[in-house]
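The values are calculated or read from the model by the stated rules, or taken from the named source; none is laboratory data. Note that this is a predicted model, so its numbers are computed, not measured. Because the Cβ atoms are built from the backbone with ideal geometry, glycine has one as well, and the counts that use them run over all protein chains shown.
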């Protein structure tokens, strides 16, 4: 019978947990690779959080300040963002940061 070390087991458990936490992002990457970028793909706030690393409260504040793309209200409680809007915003942030470094 093979013995499994505690460290090896803990590493495996951590990998499984990390994969579950990143599942929406992984699904987005898989979808992008298989079908190309779908500009009409819609993201819920938790997906936007993972893609941008912003908190829900920061997203809400920046939307109110017009510093972040406005969501589409599907109902009173369901709001979504277009993937293309988030990607464009991210690209803009990166370009501005690169411009600041070069200045």
query: What number of residues in segment 47-103 are touching a helix residue (DSSP H, G or I) at 6+ places or on another chain (Cβ under 8 Å), outside any helix (DSSP H, G or I) and surrounded by 15 or more Cβ atoms within 10 Å (Cβ to Cβ)?
result: 6
query: Is there a residue in segment 14-33 that is modelled with pLDDT of 65 or more, out of contact with any helix residue (DSSP H, G or I) (no Cβ under 9 Å at 6 or more places or on another chain) and in a helix (DSSP H, G or I)?
result: yes
task: Would you confirm whether any residue within segment 34-42 is surrounded by 14 or more Cβ atoms within 10 Å (Cβ to Cβ), at pLDDT below 95 and assigned to a strand (DSSP E or B)?
output: yes
